[in-house]
Every structure is written in C-alpha cells, then in structure tokens.
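Down below is the structure, laid out as structure tokens.
The values are calculated or read from the model by the stated rules, or taken from the named source; none is laboratory data. Keep in mind the model is a prediction, meaning the values are calculated, not measured. Using ideal geometry, Cβ is built from the backbone for each residue, glycine included, and neighbour counts are taken over all protein chains shown.
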C-alpha cells in the first residue's frame, strides 16, 4: 500500500494452488526479507488456505483480511485493477484473442505501471522509483 508497486502476480486460466504458489515464490524471490510486512486481502479461498497462511507466517508477514462486505484491506488492489482495465483493456478486448496475447499485455502493463507510470501518491514517481527513494535515509 505504501508504494502502489505490483510485487508479484500470476495469471492462469483457472484459479488453483499452483498459481498461488508461483505468485508467492515470485514475491519472496524479489523480497526475501519482509519481516513485519502487512498483507492486505479480501476473503478469497486462496488467502484462507493453509498453505498461503503458513507461507506468510514463515516469512513473518502479518495477514490483514477485512470482514465480509468490507473493502478496506483490498481497496488498493481493486483500484489498481480498475485502472488497468481502463488503461489497457477496455476498447482493446478484440486484440486479446488468445490467453497468451492477454498475458503478454498484462505483463507489459505491469512493467509500465511499476517503472514508468507516475502517480500523485508516489510524489509523481513510478512505484519502483518511489520505493527506492523512500528506502534512502
């Protein structure tokens, strides 16, 4: 929530635990030491799964999950999805005739979003640059 950076994601044609495992592995590879980080989510099955909860615990990540019907823990992610749909999907649906084409577009958008797209919240820097600047003391 601090930097708006997309740390890790995984696309699949069906939701499954392998997808969740790949996503977590990507996150922990990118940032192996995240003690005290707070993971905000909705109440999706994957976030309640024993594997997921244990992986967070093993990495000393605090899980924060809003009660049903309350969007506060997941609002940043939902805002990102809305922004991504407006900026890369709506009006371009016919360009994504195959899953692979769509996956490549999502990858390109997330790269753009993290490394080029400036935001007011991140002091007019892309999320990765804001994270790097905020780590300097």
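I'd like to verify a number: residues in the stretch 88-111 that are surrounded by 14 or more Cβ atoms within 10 Å (Cβ to Cβ) and either more than 18 Å from residue 8 (Cβ to Cβ) or touching a helix residue (DSSP H, G or I) at 6+ places or on another chain (Cβ under 9 Å) (or both), how many? I'd like the intermediate steps shown before the answer.
Taking the stretch 88-111 first, the residues surrounded by 14 or more Cβ atoms within 10 Å (Cβ to Cβ) are 88-89, 96, 102-103, 105-106, 109-110.
Checking the rest, the ones that are also either more than 18 Å from residue 8 (Cβ to Cβ) or touching a helix residue (DSSP H, G or I) at 6+ places or on another chain (Cβ under 9 Å) (or both) come to 88-89, 96, 102, 105-106, 109-110.
The qualifying residues number 8.
Write out, first by first residue and then by second, each pair whose Cβ atoms fall under 7 Å of each other, whose residues are 6+ apart or on separate chains, and whose first residue, in the stretch 103-125, is without any contact (Cβ under 8 Å) to a residue 40 or more places away in the chain while the second is outside any helix (DSSP H, G or I) and surrounded by 15 or more Cβ atoms within 10 Å (Cβ to Cβ).
Going by the 7 Å Cβ cut-off, the qualifying pairs are 105/96; 115/126; 116/126; 117/126; 118/125; 118/126.
Looking at (1) under 21 Å from residue 84 (Cα atoms); (2) surrounded by 13 or more Cβ atoms within 10 Å (Cβ to Cβ); (3) at pLDDT below 90, which is the one condition that is false for residue 15?
Going through (1) under 21 Å from residue 84 (Cα atoms); (2) surrounded by 13 or more Cβ atoms within 10 Å (Cβ to Cβ); (3) at pLDDT below 90 one by one, residue 15 breaks only (2).
Tally the residues that are farther than 21 Å from residue 40 by Cα, more than 16 Å from the chain's Cα centre (by Cα) and part of a helix (DSSP H, G or I), restricting the search to the stretch 106-134.
Residues meeting the conditions: 3.
Out of the residues in the stretch 23-35 that are within 24 Å of residue 79 (Cβ to Cβ) and surrounded by fewer than 17 Cβ atoms within 10 Å (Cβ to Cβ), state the one that is modelled with the highest pLDDT.
Filtering the stretch 23-35 for residues within 24 Å of residue 79 (Cβ to Cβ) gives 23-24, 26-27, 30-31, 34.
Now drop any that are not surrounded by fewer than 17 Cβ atoms within 10 Å (Cβ to Cβ), which leaves 26, 30-31, 34.
On the way: 26: 94, 30: 91, 31: 90, 34: 82.
Only one residue tops the list, namely 26.
Give the residue that is surrounded by the most Cβ atoms within 10 Å (Cβ to Cβ), with candidates limited to residues of the stretch 49-68 that are in contact (Cβ under 8 Å) with a residue 12 or more places away in the chain and not in a loop (DSSP other than H, G, I, E, B).
Among those residues, the one meeting the criterion is 52.
Sort through 91, 26, 82 and tell me the only one that's under 13 Å from residue 6 (Cα atoms) and either outside any loop (DSSP other than H, G, I, E, B) or out of contact with any strand residue (DSSP E or B) (no Cβ under 9 Å at 6 or more places or on another chain) (or both).
On the way: 91 fails: under 13 Å from residue 6 (Cα atoms); 82 fails: under 13 Å from residue 6 (Cα atoms).
26 is the lone residue from the list that is under 13 Å from residue 6 (Cα atoms) and either outside any loop (DSSP other than H, G, I, E, B) or out of contact with any strand residue (DSSP E or B) (no Cβ under 9 Å at 6 or more places or on another chain) (or both).
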